[in-house]
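Below is one structure, written out as structure tokens, with a few remarks after it.
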Amino acid sequence: MANSKTPRRAHAPVARIEPVRTTHHGIERTDNYAWLRAENWRDVMRDPAVLARDIRDYLAAENAYAEHLLADTRALQDRLFEEMKGRIKQDDSTVPAADGPFEYFISYEPGAEHPRYCRKARGESHEHVLIDGNALAQGHDYFKLGAISHSRDHRLCAYSTDRKGAELYTIRVRDLRSGRDLGDALEDTSGSVEWANDAKSFFYVRLDENHRPSSVYRHRLGTPAREDTLIYDEPDTGFFVSLSRTRSGRFIIVNAHDHQTSEIRLIDADAPGAAPFVVAPREPAHEYDVDHRGDHLIIRTNRDGAEDFKLVKAPLASPGPRHWRELVEHRAGRTILTHFVLGGRIVRLEREDGLPRVVILGADGDETAIAFEEECYQIGLSPGYEYDTDIVRFTYSSPTTPAEVYDYDMATGERVLRKRQDVPSGHDPADYVTRRIFAPAHDGEDIPLTLLWRRDTLIDGSAPLLLYGYGAYGLAMPAAFSTSVLSLVDRGFIYAIAHIRGGKDKGYRWYAEGRGANKINTFRDFVSAGEYLARENYTQRGRIVAQGGSAGGMVMGAAANMAPDLFCAIIAEVPFVDVLNTMLDDTLPLTPAEWPEWGNPIADKAAFEAIAAYSPYDNVANRPYPHMLVLAGLTDPRVTYWEPAKWVAKLRAHKTDDTLLALKTNMKAGHAGASGRFDRLHDVALAYAFALKVCGGD
């Protein structure tokens, strides 16, 4: 294995310094690298070629330098890529989902990067390819299929595509009998589509000039997009709009929301020209979602102190909160994650003490829980297309158990295995150990940790360890099976997930204690988790590789500032590290919607000071730093490319050691990186090769 002391100083890019001074709340700040933010960023999202030459040259220099630093890992990257690719079934497909006379499913051809959307007659074996992502991707550097939605009469299919990575989707409609696209083409959409029941029109969301999903339109087939009917226009720039559908098929759901508040309107799918009606007017910090059964709505809500949510029933004719009747009470620490109605039953997914479970509420009021035995695991629900059914489908996996798809008969309790994830190169769960442990936080809280290692790995402090963290937006990190992680674990790494505050792994309180003014808890939890793992001899200080992306990349930057000697290396993927500058820029796509999560530093001095105290970019100092690999995407609308670019430029100017610092910007992709199922593995292979290089191993 190559030495991490590879000569590099002569080649390291040096970003020019152009001080930009700003003052907020009487506090003056200087940003030496603000020039890396392209003034024409909106145009760059649509056409990366218009990026200013000096910015492009700097990013290209960083890419060349990253290639130089990691050149001695090229063979290892190739081996890792082939290993990970070998664990993916080439000709895979999903379990077909029935809808009337047909069954719909996704399939892959051997070697293909993109999925095919298919169907077959119910109970038959012959398949018909409706949408072929590989054919559509030809000639494009980046391609991603978005939503795919067939009409209720099964004659048409609306689908959306993104060809830049900027999440600007174009919607088209295919005639499923002829296989040809109609003339309809709707640009600058969020990608989602919901059909009216007459199959003559559909609803979609347009993005505004600042890349925000803000307006719902109805499109009638065969008419120009300029004639589409505006159904709803969100006036608050801090609220985004999304579309979905009740399981009954009766209503289109228009959800205007930020990270803490929602307001839902329903459109009668049988009367698409009728005006939508509001279920419950928005109230600060009230989140709710709905499904439909008969003459009632079934609502998941955190109103009236139900911070971990409860289920209520409301009459369709008067659905406001005054008429809500409780169905499932609130219980602190038991978070109801989602719910839907199938026939006369209500199915919900909930989490308690970090572990999920499925619970079915029958029409008679009796509840049935679907039980699992492993120490840690993940469950996903797939409600399917049909409403009047006794079958609910779910997917189960754990760090050691590949994904299993089950159909559960809610009437009989019978559980039928429909598919087990195939690992073509072989996988024996008995070769691995997974554990769920708890690390003490600085304030006495217990931080859940999910661990995975090979059974023959010594737990004596000698093993390197990769510690993954996220901790934001109330999102819990799943303890799921990953074919990629095995490439590290098989080389002696311990893999750990820190379920830190900012997620809802332990309920809403866990989220509230890791956002806004409490955000520092997220970073301290991550550091505490690493210190505990070293103290308990799972690894040792300086043998930990920390990894996180997006908001988890913020955790990486903060942890590097707070405890640089704890970590051997940091892998920061599309990291949200220039937090204060981004939250001060209300023209950026996500900023207004993010203020409830982080605070509004424009209007609130306390929020300004709190963010300034932890923002990784603002707190870079003259000190040693761990080895760092930073990944970015040029057309990323969520974490703009200049955040990691500025951060790396500042780190280069201030770090006092000779550790590796590499920035790789994908010039042809956005937040999610490469879109193909195999192409994306190249970045994973790069990250793992970097970890192995700095920790030793091959």
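When each of P626, P644, P616 is tested for being crowded, with 24+ Cβ neighbours inside 10 Å, in contact (Cβ under 8 Å) with a residue 12 or more places away in the chain and within 12 Å of L580 (Cα to Cα), the lone residue that passes is P616. Candidates in segment 219-244 are the residues that are of a type in the set (D, E, K, R) and closer than 13 Å to R265 by Cβ; of these, the one that is farthest from the chain's Cα centre (by Cα) is D233. Listed by position, the helices (runs of 4 or more DSSP H) contained in segment 559-665 that have at least 1 residues being at pLDDT 95 or above and touching a His at 6+ places or on another chain (Cβ under 7 Å) are 591-598, 605-614.
For every residue, the table says whether it meets (1) within 25 Å of R265 (Cβ to Cβ); (2) of a type in the set (D, E, K, R).
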{"site": "R325", "(1), (2)": "yes, yes"}
{"site": "V347", "(1), (2)": "yes, no"}
{"site": "G362", "(1), (2)": "no, no"}
{"site": "L417", "(1), (2)": "no, no"}
{"site": "R420", "(1), (2)": "no, yes"}
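Counting only strands (runs of 3 or more DSSP E) that sit wholly inside segment 333-388, those with at least 1 residues that are charged (D, E, K, R) and within 25 Å of the chain's Cα centre (by Cα) are 334-342, 345-352, 355-361. Taken together, R418, R436 contain a single residue that is part of a strand (DSSP E or B), under 25 Å from the mean Cα position of the chain (by Cα) and of a type in the set (D, E, K, R), which is R436.
Looking across segment 591-606 at every residue that is of a type in the set (A, V, I, L, M) and in contact (Cβ under 8 Å) with a residue 60 or more places away in the chain, the one that is nearest to A560 (Cα to Cα) is identified as A606. Only residues that are closer than 17 Å to G146 by Cβ and either among the small types (G, A, S) or in contact (Cβ under 8 Å) with a residue 24 or more places away in the chain (or both) were counted in segment 164-211, giving 25. Of everything in segment 283-303 that is within 29 Å of the chain's Cα centre (by Cα) and charged (D, E, K, R), the residue that is surrounded by the fewest Cβ atoms within 10 Å (Cβ to Cβ) is E283.
If the condition is being at pLDDT 95 or above and assigned to a loop (DSSP other than H, G, I, E, B), then segment 674-698 contributes R677, F678, D679, R680. Considering segment 458-556, the qualifying strands (runs of 3 or more DSSP E), each wholly inside and each with 3 or more residues that are touching a residue at least 60 places away in the same chain (Cβ under 8 Å) and within 30 Å of D428 (Cα to Cα), run over 465-469, 544-549. Residues in segment 131-161 that are over 24 Å from the mean Cα position of the chain (by Cα), hydrophobic (A, V, I, L, M, F, W, C) and within 28 Å of H671 (Cα to Cα) were compared, and the one that is surrounded by the most Cβ atoms within 10 Å (Cβ to Cβ) is I131.
Let's see how each residue does on (1) at pLDDT 95 or above; (2) within 22 Å of D679 (Cβ to Cβ); (3) within 29 Å of the chain's Cα centre (by Cα):
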site	(1), (2), (3)
E39	yes, no, yes
A66	yes, yes, yes
D72	yes, no, no
F81	yes, yes, yes
M84	yes, yes, yes
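Within segment 439-457, the residues that satisfy the criterion of being under 23 Å from A512 (Cβ atoms) and in a strand (DSSP E or B) are A439, P440, D446, I447, P448, L449, T450. Assigned to a helix (DSSP H, G or I) and loosely packed, with under 15 Cβ neighbours inside 10 Å: does that describe E82? Yes, satisfied. Among the conditions (1) touching a Cys at 6+ places or on another chain (Cβ under 6 Å); (2) crowded, with 24+ Cβ neighbours inside 10 Å, G542 misses just one, which is (2).
In segment 134-155, the count of residues that are at pLDDT 95 or above, among the small types (G, A, S) and either in contact with a Cys (Cβ under 9 Å, 6 or more places away or on another chain) or not assigned by TED's automatic domain parsing to the domain that holds V205 (or both) is one or more.
Go through (1) out of contact with any Asp or Glu (no Cβ under 6 Å at 6 or more places or on another chain); (2) within 25 Å of S398 (Cβ to Cβ); (3) without any contact (Cβ under 8 Å) to a residue 24 or more places away in the chain one by one and return the number of the condition F438 breaks. All conditions are met except number (1). Taking segment 454-486 as the range and being touching a Phe, Trp or Tyr at 6+ places or on another chain (Cβ under 7 Å) and of a type outside the set (G, A, S) as the test, the residues that pass are R454, R455, I459, P464, L465, L466, M477, V485.
For every residue, the table says whether it meets (1) surrounded by 15 or more Cβ atoms within 10 Å (Cβ to Cβ); (2) out of contact with any helix residue (DSSP H, G or I) (no Cβ under 6 Å at 6 or more places or on another chain); (3) in the same structural domain as V359 (by TED's automatic domain parsing).
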position	(1), (2), (3)
G413	no, yes, yes
L417	no, yes, yes
A439	yes, no, no
D443	no, yes, no
D446	no, yes, no
T450	yes, yes, no
R454	yes, no, no
L458	no, yes, no
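On inspection, Y406 passes the criterion of being at pLDDT 95 or above and under 21 Å from L337 (Cβ atoms).
Among the strands (runs of 3 or more DSSP E) confined to segment 230-316, the ones with at least 2 residues that are farther than 19 Å from P383 by Cα are located at 240-245, 251-257, 262-268, 296-301, 310-315.
The values are calculated or read from the model by the stated rules, or taken from the named source; none is laboratory data. Just so you know, these numbers come straight off a predicted model, no measurement behind them. Reconstructed Cβ throughout: ideal geometry from the backbone, glycine too, with neighbour counts over all protein chains shown.
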